[in-house]
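Please read the structure below before turning to the comments.
The values are calculated or read from the model by the stated rules, or taken from the named source; none is laboratory data. Bear in mind the structure is a predicted one, so any value in this text is a computation, not a measurement. For neighbour counting, all protein chains shown are included, and Cβ atoms are generated from backbone atoms with ideal geometry for every residue, glycine included. These accessible areas exclude ligands, DNA and RNA; they are computed on the full protein's heavy atoms, side chains included. Shrake-Rupley method; radii C 1.70, N 1.55, O 1.52, S 1.80 Å.
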Amino acid sequence: MTNVSMITIATPIGPLRLYGTSDVLTCVWLPQGRGTAPTEPVRETPVLAHAAAQLTEYFAGKRTAFDVPLAPEGTEFQQAVWRVLSTIPFGATWSYRDVARVIGQPTASRAVGAANGKNPIAIIVPCHRVIGASGALTGYGGGMDAKRWLLAHEGQQAQPQLPLRPSSC
């Protein structure tokens, strides 16, 4: 994608890198993200500023839903999974099996897990809200401490367990 810009924001789970164009958000890169983060020029666009403001409100406990225009890149199946992830309500968790049923492929739990792991727009497309069928926390691209913190922040546990990281980026 051409003309992609990036900004970094400080959060309780570490610095998040936001990538996008002037029109859409394409990636929220977690501090413990797997792989190599894309490198793009640091330049704030209106969409990145909007996403940063909404994420700041989320982390401050003042926002439970997002309305940022998104354009994640992925296969048709991944896109279907990510659309369903976006419908999981704040404070709720679903299993991989639940997501598979909603997309009409009830035996595709593993494929849903793989698509969940490829979600490029963490938090806003809330892949952290997907857990194992037994209720156990499963892997998370941003690390299990971040997943526990996010779920606790949304009321799934008594209190966040991730120690706050320095706010400097």
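Here are a few things to note about the model shown:
- Most to least accessible of Lys62, Lys147, Lys118 (protein chains only, probe 1.4 Å): Lys62, Lys118, Lys147
- Protection proxy ranking of 79-88, 121-130, by the mean of other Cβ atoms within 10 Å over each peptide's residues and highest first, is 121-130, 79-88.
- In this structure segment 86-129 gives 44 Å² per residue of accessible area when probed at 1.4 Å with all protein chains present.
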